[in-house]
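Only one structure is covered here, and it is reproduced in the block below.
The values are calculated or read from the model by the stated rules, or taken from the named source; none is laboratory data. Just so we're clear, the structure is a prediction, and the values are computed from it rather than from any experiment. Glycine also receives a Cβ, built like all others from the backbone with ideal geometry; neighbour counts cover every protein chain displayed.
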């Protein structure tokens, strides 16, 4: 893990790097599924960069979190939309930051409600370590070390550009 650079990396450049990592797998006809909200933005950007004709899937893991009873329902729950048949497909699950692995686990649980994929890969822009579950990204462009009280947040500007910001918890 590398320390946090100043300034933070360009998220748009990172999306292009992630697309370059995924491109060799296009012969497998992968379907992209983004986790709200940062992962959904990245999945949409990857669809454009890779020239994929199929709409992306979108997952909100709110009801699948193992800490749902503790945290309650997030006030901005969005509907999960999977516009393709999951059964037998190569799925690339997309998120912005991988941390404990719990969001990824929840997304995989929900994905299996739609069918049994042939394979599920994980693509993230940033891996901050701190795993609580045995989850690892297949595609990642940035390994970064953060303090426990720091959160890396992906935002979307009015013009649609993706950008990182650092928040204290």
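Determine whether residue 95 is surrounded by fewer than 16 Cβ atoms within 10 Å (Cβ to Cβ) and either at pLDDT 95 or above or not in a helix (DSSP H, G or I) (or both). So residue 95 does not fit the description; no. Quick one: in region 22-48, which of the residues that are over 16 Å from residue 91 (Cβ atoms) and in contact with a strand residue (DSSP E or B) (Cβ under 6 Å, 6 or more places away or on another chain) is surrounded by the most Cβ atoms within 10 Å (Cβ to Cβ)? Only one residue fits best here, namely 38. Of everything listed in (1) more than 30 Å from residue 5 (Cα to Cα); (2) modelled with pLDDT of 95 or more; (3) surrounded by fewer than 15 Cβ atoms within 10 Å (Cβ to Cβ), the single unmet condition for residue 76 is (2). Just to be sure, is residue 54 at pLDDT 95 or above, assigned to a loop (DSSP other than H, G, I, E, B) and touching a strand residue (DSSP E or B) at 6+ places or on another chain (Cβ under 8 Å)? Yes: the conditions hold for residue 54. Residue 111 - would you say it is closer than 17 Å to residue 10 by Cα, under 17 Å from the mean Cα position of the chain (by Cα), in contact (Cβ under 8 Å) with a residue 40 or more places away in the chain and not in a loop (DSSP other than H, G, I, E, B)? The answer is no for residue 111.
Number of residues in region 114-130 that are assigned to a loop (DSSP other than H, G, I, E, B), surrounded by 15 or more Cβ atoms within 10 Å (Cβ to Cβ) and touching a strand residue (DSSP E or B) at 6+ places or on another chain (Cβ under 8 Å): the value is 2.
Would you confirm whether any residue within region 147-159 is in contact with a helix residue (DSSP H, G or I) (Cβ under 9 Å, 6 or more places away or on another chain), modelled with pLDDT of 95 or more and either more than 26 Å from residue 20 (Cα to Cα) or buried (at least 20 other Cβ atoms within 10 Å of the Cβ) (or both)? For region 147-159, residues in contact with a helix residue (DSSP H, G or I) (Cβ under 9 Å, 6 or more places away or on another chain), modelled with pLDDT of 95 or more and either more than 26 Å from residue 20 (Cα to Cα) or buried (at least 20 other Cβ atoms within 10 Å of the Cβ) (or both): present. Annotation: residue 61 fulfils all but one of (1) buried (at least 20 other Cβ atoms within 10 Å of the Cβ); (2) touching a helix residue (DSSP H, G or I) at 6+ places or on another chain (Cβ under 8 Å); (3) modelled with pLDDT of 95 or more; (4) within 15 Å of residue 39 (Cβ to Cβ); the unmet one is (3). The condition (being in contact with a helix residue (DSSP H, G or I) (Cβ under 9 Å, 6 or more places away or on another chain), farther than 21 Å from residue 41 by Cα and modelled with pLDDT of 95 or more) is satisfied by just one residue among 107, 119, 123: 119.
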